[in-house]
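What follows is a set of notes on a single structure, which appears directly below.
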Amino acid sequence: YRVPPPLRRAGAGPPPPPPPAAPPATTPMPTPDPNAIADPAFPVGFDRFFAIRPEHFPAIVGINSEIEVLMLNHGNADTTGAVVELSMNDWGVTYGGWQPMSTLTYDVLAGNNAVQSFNHVFPSRAHVCLRARITNPGTGGNSNPWNDITQVNLQVLNAGEAYTLFIPFGNAADEEIVVSGTQILCLTNGTVGPCAMAVISGTARRMLSDALPVLHDAPGFGQDDVMGPNSEQIARLELPYVPDEGLTVVVEAVMNGETNNVMLNVVRTSVAGLFNEAHLCCIKSVRTRVLLEVMLADALEAYEAGECKKAMKLLRMLVQKAMLLECDLDPDEVRCIEQFVLKLVDAAIMIAHEKTAQDDAHEKDGASQLASLQEAHFFRRQGLYEAALMEAAKAC
């Protein structure tokens, strides 16, 4: 039953205003936990390989690379103004050799994450280790300082059936350090652990111990070794077998209690494959393109005929010509030429590896050839391509 509103006489004026509405219910603000503390951190375990994410793998010399860095906050308090220092090391497994690159500032909510990025142009070709380190945890504090540092070490190398890599171990400090626990690991199915090469023999799958990577002349391998201040030691990593899908090898050492490592992504290819990968389609001048392609074909023909010295000479002439042409090219063409030259240098070093392996099979003394290969790799990393070619040619 509804009660009708009271009757109003004509001219009685406007109706009375409605009663004021009740104020809305308010939710009390939570009282901050005085014991809450942040935990700015980087991922650990296999996920650590995703903490530092370069735009290009590998980075291209002279080309800007955007590098993202992921920070987590495992704590129960927000943090603002956390500072991360980025640095790089371009000389193998080195203690105290980090060079500053950039700093980033983060505001990260509790139980959340944030990504910041910076730009960097690498001046020369080399294996580069990138490291991120939390130098200031920000306003929220830091409940666990043991997850405040991470690094990633990536490089793509061309490898054949058997390959020898030279891994520099360095001490960039002004004091002696102790190196221990040096070991070889492999990345298999997303997990870093002991290497186990699986190969196919008929219909049976078996594990071959003689297919495993072997490390020679490395400090801290099986014993504790002392490295003098500002010194280096070159180790030799032999890869007797590389699967069709490639191989990722990690060489790790403990230097004065600090773990340093280098990660090498090795892919299978051949000299002819590298010649074919040296594309020149991006060169606008047909005359320039034809000139370089004719010289490339002559070098490949000499290699296939077994004329090692002639092939090396032609490759060196080709690299010299290509680098002289850079003065007349636009920036995109220069980048194309640089990638072209790098393929040729890798092809020359692979020819030298093949020649060294042939001489080893005939029981020839390969000590001088290995020394030349070591120098060739060094000059390649430094971007001194003609010098790398001259050293590689000594294997002939």
Query raised in the report: Restricting the search to region 273-306, which residues are aliphatic (A, V, I, L, M) and surrounded by 13 or more Cβ atoms within 10 Å (Cβ to Cβ)?
Result: Leu274, Ala278, Leu280, Ile283, Leu291, Leu292, Met295, Leu296, Ala299, Leu300, Ala302
Report summary line: Those residues of region 309-347 that are surrounded by 20 or more Cβ atoms within 10 Å (Cβ to Cβ), within 16 Å of Cys396 (Cα to Cα) and more than 26 Å from the chain's Cα centre (by Cα) come to a total of 5
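Can you go through Gly222, Gly306, Gly273 and tell me which one is small (Gly, Ala, Ser) and assigned to a helix (DSSP H, G or I)?
Details: Gly222 fails: assigned to a helix (DSSP H, G or I); Gly306 fails: assigned to a helix (DSSP H, G or I).
Unique residue meeting the criteria: Gly273.
Quick check on Leu291: is it over 21 Å from Ala376 (Cα atoms), touching a helix residue (DSSP H, G or I) at 6+ places or on another chain (Cβ under 8 Å), among the hydrophobic types (A, V, I, L, M, F, W, C) and part of a helix (DSSP H, G or I)?
Details: over 21 Å from Ala376 (Cα atoms): yes; touching a helix residue (DSSP H, G or I) at 6+ places or on another chain (Cβ under 8 Å): yes; among the hydrophobic types (A, V, I, L, M, F, W, C): yes; part of a helix (DSSP H, G or I): yes.
Yes; evaluated as a whole, the condition is true for this residue.
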Query - Conditions (1) out of contact with any Leu (no Cβ under 7 Å at 6 or more places or on another chain); (2) without any contact (Cβ under 8 Å) to a residue 40 or more places away in the chain; number of the one not met by Cys282 - result: (2)
Query raised in the report: Ser143 fails exactly one of the following numbered conditions: (1) open to solvent by 30 Å² or more (accessible area, probe 1.4 Å); (2) modelled with pLDDT under 70. What is the number of that condition?
Result: (2)
Report summary line: How many residues of region 187-220 are open to solvent by 90 Å² or more (accessible area, probe 1.4 Å) and modelled with pLDDT of 75 or more? The answer is 2
Query raised in the report: Inside region 158-186, can you point out the residues that are buried (at least 18 other Cβ atoms within 10 Å of the Cβ) and modelled with pLDDT under 80?
Result: Asn158, Ala159, Tyr163, Thr164, Leu165, Phe166
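The values are calculated or read from the model by the stated rules, or taken from the named source; none is laboratory data. On a predicted model such as this, the values are computed, not experimentally measured, just so you know. Heads up, the Cβs are rebuilt from the backbone with ideal geometry, glycines too, and the neighbour counts pull from every protein chain shown. What goes into the accessible areas is simple: the full protein's heavy atoms, side chains included, and nothing from ligands, DNA or RNA. Shrake-Rupley method; radii C 1.70, N 1.55, O 1.52, S 1.80 Å.
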